[in-house]
Structures are given as C-alpha cells and as structure tokens.
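Here's the structure we're looking at; comments come further down.
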Amino acid sequence: MADDGARDRQLVVEAADAGRRLDAWLAQRLGVGRAAVRRLLETGAVREAGRALGRNEKSAPLVAGRTLEVAAFAPPDARRAIAQPELPLSVCAEGPGWIALDKPAGTPVHPLREDETGTLLNALVARRPELHGVGEGGLRSGVVHRLDVDTSGVMLFATDEPTWQRLRAAFRAHRVEKLYRALVSGRVEGEREVRASLVVARHRPAYVRAVDEGTPGARRTSLRLRALAQGRDATLVEVRPRTGFLHQIRATLASLGHPLCGDRTYGPPAERDPSGAHRHLLHAARVAVDEIEAESPDAPDFAEAVKRLVG
C-alpha cells in the first residue's frame, strides 16, 4: 500500500523485490511517480545507514534486507504553487471552465518545486485559486498542455475538473487545432506535410532525435509546414502539428536542415547562427477546440526578428 508522505518512514526491501530498480520500487511504495522519486533523491531525502542516496543511483538493483529511510514529503497532489499576484498575466480568452493565457518566452508553465516562483501557474493561481487540484493537481493544477520555456504564445488551462478531462481527451484524440509561427534557418518554400519518427534520446536536459521508421521506442509524428516569407538567411513558416510529442516542431525542422533560429539545442552555436536570436523563435499563435478559440499576437522579440530577418 502506498504511503501518504506525511511522515518519516523506514522501508525494508523484501526478498520478492530483490533485483528491482530503486526508483520503480520507491515509486510503488510511496505512491508517487518516478519524477517525484528523482526529486527525493536529488534533495537527499532518501538515506541508507545515514548516507544520502543520489540521483545516479536511481537504477541500482535492490538487495533484499536493505533498509531505506525516507524523509517526510508532501504527496504530489497536495503541493501548492505559491500565489504571486504581483506577476503580470495576459489573458487571450476565457470561458466557463477554461482560460487561455499569453505565455512570455522564458517563463515556465508550472513550477517543478514548491519553492519555485515566476511561472505562469504562480501568476494564475493568485487570480483563480479554484484551479488548485484540477487535473494532475499539485504543481501541475489545471495544466492542459505544455510549451517549452522559451516558446511564447497561447497556453490553455482548465479551471474545473470536467473541462480538464474533456480537453485532455481532445488532445489525445488530436482534435485540437494548434498553429505556430516560426523563424527557421535557410530558405523554405511551398507547403507540405512532414512526417518523422522521433525518439527521446536524452531526458535531462531533453533532446529528441529523428530516426528511421520502425526504430524501437520511436513515435511517428506529423505536421503541416507552410512558408510565409523568405529572407537571405531565414524563412518565416507556419506550422500545424497533427500530433503532439516532446520538441516535435524543433526536432523535425532541425532534421530537415532548417532548425529554429536561436535554437541552441537543435541548431548551431550562437557564433554560427546568423539570426542573432537569443532564444528559439517559436510562437504558439492559435489554439482551437470545440467552443474554445484563442490567439496570441507575435511576441515583441519575435516580431522584431521577423522584421529584421525576412522584412
């Protein structure tokens, strides 16, 4: 049975669990996900005979008879983002059970730790405290989908549970219309459907790679790409992803030889990037599903780059 995280506890490895991964076993015993276990290991909350176990020991096989001490922690769904009413918040659109925000580049969607501040959720819970506990709850309360930290644009949150369930089902069924604007390196022309097999090659920090179809663990993805305007070193494109996958747009465009301007993960280093961009130039311009429709104008730095690079 899972523990509730409200007290210090000792966990003994039974014979039946010998050989299991440490993180998988702890996740089961504590009733949390592996990401939460990694955070416990990173903060020194898991100890054996007084020695703190590190994150690099997460995959170590268990030995029967080991006794681990786990410090008290708040279960994930009980955590609360710190309300920050002083943070600015730009609303694109809203309706019963949902709100669409304009996320600035450089702002995370939600905190990863209870003491983290400066995220979109920190600003939103100060105005809409009722979304605490919605959906995944805790530090992800109300989050329907995600944007990378340096991606700007429209972002959906649900403020009640039925709407969160409905919107998550729509994302899973690929019914959500998502439109992005991007500045990419090189010259792109015309319009086409681009399919790619993507695999997560690294988790921290995340890195996704395009691989051959049929590669184990790969996900088949699809997006619609349309060139809008060309400059000497860059092209403004419109991207409509049909599927949803980590870094899908960034990894797919890089695999075509047209990484996003300013993308230090999938593109060249800064000294070889003629765009001079200080972040990857990707903007979520529109999202629509059922009665929901929300748009975000180009972020100021994105608009300036468009004017400078493609005229």
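The values are calculated or read from the model by the stated rules, or taken from the named source; none is laboratory data. A quick note: this is a predicted structure, and the numbers were derived from the prediction, not measured. Backbone-built Cβ (ideal geometry, glycine too); neighbour counts: all protein chains shown.
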Open item on the list: Condition first: touching a His at 6+ places or on another chain (Cβ under 8 Å), at pLDDT 95 or above and surrounded by 17 or more Cβ atoms within 10 Å (Cβ to Cβ). Can you find one or more residues in segment 206-222 that meet it?
Closed with: yes
- [ ] Just need a number here: residues in segment 230-273 that are charged (D, E, K, R), assigned to a loop (DSSP other than H, G, I, E, B) and under 19 Å from V176 (Cα atoms).
- [x] 1
Task: From R264, R232, residue being in contact with a helix residue (DSSP H, G or I) (Cβ under 9 Å, 6 or more places away or on another chain), of a type in the set (D, E, K, R), in the same structural domain as G190 (by TED's automatic domain parsing) and closer than 13 Å to Y207 by Cα - done: R264
TODO: Find all pairs meeting these conditions: Cβ atoms under 7 angstrom apart; at least six residues apart or on different chains; first residue within segment 159-171 and outside the structural domain of V287 (by TED's automatic domain parsing); second residue in a helix (DSSP H, G or I) and of a type outside the set (S, T, N, Q).
DONE: T159/E130; T159/L131
- [ ] Can you work out which of the residues in segment 141-158 that are free of Cβ contacts under 8 Å to residues at least 60 places away in the same chain and more than 17 Å from P96 (Cα to Cα) is farthest from the chain's Cα centre (by Cα)?
- [x] V149
Task: Criterion (of a type in the set (K, R), at pLDDT 95 or above and crowded, with 16+ Cβ neighbours inside 10 Å) met by exactly one of R250, R195 - done: R250
Task: Candidate set from segment 32-48 (those that are out of contact with any helix residue (DSSP H, G or I) (no Cβ under 9 Å at 6 or more places or on another chain) and assigned to a loop (DSSP other than H, G, I, E, B)); member that is modelled with the lowest pLDDT - done: T43
TODO: Just give me the residues in segment 131-181 being over 19 Å from A285 (Cβ atoms), touching a strand residue (DSSP E or B) at 6+ places or on another chain (Cβ under 7 Å) and surrounded by fewer than 19 Cβ atoms within 10 Å (Cβ to Cβ), in sequence order.
DONE: E136
TODO: Determine whether segment 10-29 contains at least one residue that is farther than 28 Å from L120 by Cα and of a type in the set (F, W, Y).
DONE: yes
Task: Hits in segment 259-297 (condition: touching a Gly at 6+ places or on another chain (Cβ under 7 Å) and of a type in the set (S, T, Y)) - done: S275, S296
Open item on the list: Just the residues that are over 18 Å from P111 (Cβ atoms) and of a type in the set (V, I, T), please, taken from segment 38-59.
Closed with: V46
- [ ] From D298, D273, grab the single residue that is acidic (D, E), under 17 Å from V239 (Cβ atoms) and in contact (Cβ under 8 Å) with a residue 24 or more places away in the chain.
- [x] D298
Open item on the list: Can you go through R286, R279 and tell me which one is touching an Asp or Glu at 6+ places or on another chain (Cβ under 9 Å), of a type in the set (K, R) and part of a loop (DSSP other than H, G, I, E, B)?
Closed with: R279
Task: Any pair with Cβ under 6 angstrom, 6 or more apart, that starts in segment 111-126 at a residue that is in contact (Cβ under 8 Å) with a residue 40 or more places away in the chain and not assigned by TED's automatic domain parsing to the domain that holds R39 and ends at one that is crowded, with 22+ Cβ neighbours inside 10 Å and small (G, A, S) - done: L121/A81; N122/A81; V125/A81
- [ ] All but one of (1) surrounded by 17 or more Cβ atoms within 10 Å (Cβ to Cβ); (2) touching an Asp or Glu at 6+ places or on another chain (Cβ under 9 Å) hold for V91, so report the exception by its number.
- [x] (1)
